[in-house]
1. Go through the residues of segment B:33-49 one by one and say whether even a single one is in contact (Cβ under 8 Å) with a residue 12 or more places away in the chain, under 17 Å from B:ARG101 (Cβ atoms) and touching a Gly at 6+ places or on another chain (Cβ under 8 Å).
2. Looking at (1) in contact with an Asp or Glu (Cβ under 9 Å, 6 or more places away or on another chain); (2) under 19 Å from A:LYS4 (Cα atoms); (3) more than 9 Å from chain A (Cβ to nearest Cβ); (4) not small (Gly, Ala, Ser), which one does B:PRO73 not meet, given that it meets all the others?
3. Is segment A:51-58 home to any residue that is at negative phi, among the acidic types (Asp, Glu) and within 12 Å of the chain's Cα centre (by Cα)?
4. Kindly provide the set of residues from segment B:17-30 that are in a loop (DSSP other than H, G, I, E, B) and away from chain A (no Cβ under 12 Å), ordered by number.
5. Suppose we filter A:LYS10, A:LYS33, A:LYS14 for residues that are within 14 Å of chain B (Cβ to nearest Cβ), under 26 Å from B:VAL55 (Cβ atoms) and either open to solvent by 80 Å² or more (accessible area, probe 1.4 Å) or not in a strand (DSSP E or B) (or both); which single one remains?
6. How do the pairs read when you match residues in segment A:83-111 that are away from chain B (no Cβ under 13 Å) and without any contact (Cβ under 8 Å) to a residue 12 or more places away in the chain with residues anywhere that are assigned to a loop (DSSP other than H, G, I, E, B) and not small (Gly, Ala, Ser), using Cβ under 8 Å and keeping only pairs 6 or more apart or on different chains?
7. Examine segment B:37-53 for a residue that is more than 7 Å from chain A (Cβ to nearest Cβ), touching a helix residue (DSSP H, G or I) at 6+ places or on another chain (Cβ under 6 Å) and either modelled with pLDDT of 95 or more or open to solvent by less than 10 Å² (accessible area, probe 1.4 Å) (or both), and state whether such a residue exists.
There are 2 protein chains.
Amino acid sequence: MNTKKINLNKKFNKISDYWSPKVIAEMNDYQFKLAKVKDEFIWHKHDNTDETFIVINGTLTIEFKTETVMLGPGEMIVVPKGVEHKPRADQECNIMLIEPRGVTNTGDSESEMTAENDVWV
Amino acid sequence: MNTKKINLNKKFNKISDYWSPKVIAEMNDYQFKLAKVKDEFIWHKHDNTDETFIVINGTLTIEFKTETVMLGPGEMIVVPKGVEHKPRADQECNIMLIEPRGVTNTGDSESEMTAENDVWV
């Protein structure tokens with residue numbers, strides 16, 4: 001039985017690279033991932049799943065084709081499946097991602113920003 | 001396309017009753033719920049699903065049969081399916097729950113603390 005608590009800030013302290021989500025917990029077939037982000041990510045979408053962003057520290061901007069949403073600490077958004085989005089952060093920002101196991105960070109847009117999947121911290 | 005951001009504290013301000021999770025967002029067939037909690041909940045388990053607790057404000061204590069875990073702001077735990085647990089909070093505490101749509105707060109232990117399900121805030 002794994003009932004260990006997880007401290008988000010302690011986990012963030014172990015992350016040094018940007019845009020490379022690290023798994024911290026699993027719930028059924030879903031994963032909780034933390035990422036430090038800064039500057040621009042790429043346009044992409046996830047055709048088979050919604051994807052949740054929760055901002056822990058800093059400000060995350062998510063561009064959609066028709067609008068731009070800025071999220072501060074304690075704010076979240078669920079990006080629906082199939083919806084193109086491009087996250088960016090002018091300053092370093094700490095985010096939590098929640099999505100099914102196996103989802104790649106760049107979705108349908110493989111690039112040099114595609115991170116190795118299922119890396120735990 | 002629903003790409004509206006959600007501010008957790010603004011949602012908590014709309015909640016007045018304890019131990020009555022309110023849905024704030026859905027991701028695929030999972031729900032994000034917020035709850036204000038204070039004093040003791042009841043022993044229960046969820047036989048078919050893991051359940052995630054994230055503490056937003058305050059301190060949440062979760063008793064398991066073999067240990068007790070205290071969670072502060074920015075800390076989380078995934079309670080595995082089938083594991084009996086009893087949450088409590090000596091002071092008012094704000095938590096986020098993440099679990100599949102349809103999960104009842106008291107799991108296998110229907111009681112007067114069983115809250116109406118699928119109520120949005």
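The values are calculated or read from the model by the stated rules, or taken from the named source; none is laboratory data. Please read all numbers here as calculations on a predicted model, not as lab measurements. No Cβ is skipped: glycine too gets one built from the backbone with ideal geometry, and neighbour counts run over all protein chains shown. Note: accessible area is taken over every heavy atom of the protein model, side chains too, but ligands, DNA and RNA are not part of it. Shrake-Rupley method; radii C 1.70, N 1.55, O 1.52, S 1.80 Å.
1. Going residue by residue through segment B:33-49, those that are in contact (Cβ under 8 Å) with a residue 12 or more places away in the chain are B:33-49.
Checking the rest, the ones that are also under 17 Å from B:ARG101 (Cβ atoms) come to B:33-35, B:46-49.
Checking the rest, the ones that are also touching a Gly at 6+ places or on another chain (Cβ under 8 Å) come to B:46-47.
Yes, that holds for at least one residue.
2. The number of the failed condition is (1).
3. Applying the first criterion (at negative phi) to segment A:51-58 yields A:51-57.
Cutting the leftovers down to among the acidic types (Asp, Glu) gives us A:51.
Applying the additional criterion that residues be within 12 Å of the chain's Cα centre (by Cα) yields A:51.
Checked against the condition, which is being at negative phi, among the acidic types (Asp, Glu) and within 12 Å of the chain's Cα centre (by Cα), segment A:51-58 yields at least one hit.
4. First pass over segment B:17-30, keeping only residues in a loop (DSSP other than H, G, I, E, B): B:17, B:19-21, B:28-29.
B:ASP17, B:TRP19, B:SER20, B:PRO21, listed by residue number.
5. Numbers: A:LYS33 fails: either open to solvent by 80 Å² or more (accessible area, probe 1.4 Å) or not in a strand (DSSP E or B) (or both); A:LYS14 fails: within 14 Å of chain B (Cβ to nearest Cβ).
Unique residue meeting the criteria: A:LYS10.
6. Hits for this filter: A:GLU110/A:THR104.
7. No, every residue in segment B:37-53 fails to be more than 7 Å from chain A (Cβ to nearest Cβ), touching a helix residue (DSSP H, G or I) at 6+ places or on another chain (Cβ under 6 Å) and either modelled with pLDDT of 95 or more or open to solvent by less than 10 Å² (accessible area, probe 1.4 Å) (or both).
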